[in-house]
Amino acid sequence: MNLFNFQPGHEGYYGEYGGAYIPEILWSTIEELKTALKNAKADPDFWQEYISLMQSYSCRPTPISYLENLSRELGGAQLYVKREDLNHTGSHKANNVMGQGLLTKRLGKTRVIAETGAGQHGVATATMAARFGFECVIYMGTEDVARQRPNVFWMEQLGATVVPVTDGSQTLKDAINEAMRDWVTNYPTTHYVLGTACGTHPFPEMVAWFQSLIGTEAREQMLSQYGSMPDKVFACVGGGSNALGLFQGFLDDESVELVGVEAGGKGLDSGAHATRLTSREGSVGVAQGYKTYFLQNNDGQMLHTHSISAGLDYIGVSPILSHLKQTGRIRFEAATDNEVIEALKLVMKKEGLIPALESAHAFARAIQEAPALPKHTKLLINQSGRGDKDIFTVADAIRDENWEHFIQGKAKDYESRNIYS
């Protein structure tokens with residue numbers, strides 16, 4: 001495997017997963033995008049422009065921090081964290097979005113659309129659109145709009161139009177469906193900035209390519225700053241972009257175990273989770289333009305998903321990750337909502353870090369495994385985003401009385417102003 005540029009096989013397939021299952025009206029647009037991507041990857045000036053942009057605009061390279069206090073508390077392996085939360089807009093999403101912004105310029109498009117669940121991809125896309133001067137529309141399930149209101153506010157302030165999607169489960173899969181409908185209608189002027197390494201070819205390849213700088217940086221940093229490779233690398237898995245970003249730095253190093261952590265929700269036997277690769281409900285199918293593992297029933301109907309984290313609340317997973325599961329290169333696990341909240345509380349109190357609920361899944365699994373490992377073992381965790389956006393969900397989960405009083409007071413304040421305005 002090429003560490004820097006994970007290439008698909010025949011017609012965009014990774015093993016038996018991937019492909020391009022799209023309406024005929026989009027074929028010319030997809031071919032245009034494939035050509036633009038191929039030319040960009042062959043042009044060293046494009047990659048250098050991308051790296052320069054990320055350095056000057058998004059604070060790269062992001063550091064790796066040694067979690068001394070947490071390591072001491074757990075009494076086993078040593079924990080390290082790749083700080084993607086320090087990217088501009090607060091997550092790894094900026095890596096992919098700014099790269100696609102440069103491609104959009106090459107394509108001569110003037111409008112971008114995107115889907116978002118946790119809102120981080122939406123904020124990143126709105127930021128990119130403001131930076132490059134594109135019109136921007138973001139599709140977001142109404143359930144996610146409600147639980148990620150701070151990100152909705154910032155998307156709108158950045159100039160984007162946020163469209164709540166009321167279809168289906170009103171979460172990420174439904175936002176993707178609506179964005180695809182928009183793209184089919186407006187493809188001559190519009191580029192679809194898909195947020196993760198899913199969807200029709202060449203999106204998985206493209207997103208994985210832009211996110212590969214996470215792993216490239218992390219490999220160099222572990223060797224130069226901490227003297228050796230990590231023994232295990234942990235990343236949360238929704239669609240798979242942050243996991244693939246970090247894992248690409250270590251794919252060829254068989255001594256490094258790669259661990260992807262899915263959203264176990266209320267438990268794998270509860271019917272309320274989002275585990276495509278670690279539960280019996282996950283099976284291979286074709287939807288939303290590609291072939292991979294989906295949460296579906298025996299008739300191929302998509303099941304409802306659940307996760308405390310909006311960004312992992314999705315029915316599918318990257319075809320690249322499905323392939324790497326099949327080959328045995330990545331071990332997949334799940335963390336429940338309760339385990340995630342407990343991990344988040346521990347990391348905040350011991351290290352002063354506030355990971356996003358998505359990232360807290362990776363922390364939860366690493367925290368579970370660390371105590372039984374020798375002290376010389378190095379665990380690297382991808383903190384793919386910061387937790388500011390999750391304040392409402394986390395405060396509700398831990399039942400913080402001061403926060404509840406604050407919200408009640410604000411509600412009364414708004415009610416009073418509406419009455420007397």
Q) How many of the residues in the range 122-163 are among the aliphatic types (A, V, I, L, M) and more than 23 Å from Y187 (Cβ to Cβ)? A) 5
Q.
Under 8 Å between Cβ atoms, which residue pairs at least 6 apart in sequence (or on different chains) link something in the range 29-52 that is assigned by TED's automatic domain parsing to the domain that holds M98 and touching a residue at least 60 places away in the same chain (Cβ under 8 Å) with a partner that is in a helix (DSSP H, G or I) and among the acidic types (D, E)?
A. L37/E205
Q: Within the range 162-189, track down each residue that is touching a Phe, Trp or Tyr at 6+ places or on another chain (Cβ under 9 Å) and of a type in the set (D, E).
A: D174, E178, D182
Q. In this structure, is A274 buried (at least 24 other Cβ atoms within 10 Å of the Cβ), more than 27 Å from K378 (Cβ to Cβ) and without any contact (Cβ under 8 Å) to a residue 60 or more places away in the chain?
A. yes
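Looking at the range 120-164, what helices (runs of 4 or more DSSP H) fall wholly within it and have at least 1 residues that are hydroxyl-bearing (S, T, Y)?
Working: elements: 120-132, 142-147, 149-157.
So the answer is 120-132, 142-147.
Here is a yes/no grid of residues against (1) in the same structural domain as L33 (by TED's automatic domain parsing); (2) surrounded by fewer than 18 Cβ atoms within 10 Å (Cβ to Cβ); (3) not hydroxyl-bearing (S, T, Y):
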{"position": "K173", "(1), (2), (3)": "yes, no, yes"}
{"position": "I176", "(1), (2), (3)": "yes, no, yes"}
{"position": "Y226", "(1), (2), (3)": "no, yes, no"}
{"position": "P230", "(1), (2), (3)": "no, no, yes"}
{"position": "S241", "(1), (2), (3)": "no, no, no"}
Q. Across the range 344-354, what is the total count of residues that are surrounded by 24 or more Cβ atoms within 10 Å (Cβ to Cβ) and either over 16 Å from S71 (Cβ atoms) or modelled with pLDDT under 95 (or both)?
A. 1
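Determine, yes or no, whether T161 is without any contact (Cβ under 8 Å) to a residue 60 or more places away in the chain, of a type outside the set (G, A, S) and touching a Pro at 6+ places or on another chain (Cβ under 8 Å). Steps first, answer last, please.
Values: without any contact (Cβ under 8 Å) to a residue 60 or more places away in the chain: yes; of a type outside the set (G, A, S): yes; touching a Pro at 6+ places or on another chain (Cβ under 8 Å): no.
No: the conditions fail for T161.
May I ask you to say which residue of G159, G168, G119 is under 19 Å from the mean Cα position of the chain (by Cα) and on the phi > 0 side of the Ramachandran plot?
Details: G159 fails: under 19 Å from the mean Cα position of the chain (by Cα); G168 fails: under 19 Å from the mean Cα position of the chain (by Cα).
One residue alone meets the criteria, G119.
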Q. Hey, R365 hits all of (1) charged (D, E, K, R); (2) over 18 Å from the mean Cα position of the chain (by Cα); (3) under 27 Å from G90 (Cα atoms) but one; which does it fall short on?
A. (2)
Q) Out of (1) on the phi > 0 side of the Ramachandran plot; (2) part of a helix (DSSP H, G or I), what's the single condition that is false for A208? A) (1)
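The values are calculated or read from the model by the stated rules, or taken from the named source; none is laboratory data. Since this is a predicted model, take the numbers as computed values, not measurements. Because the Cβ atoms are built from the backbone with ideal geometry, glycine has one as well, and the counts that use them run over all protein chains shown.
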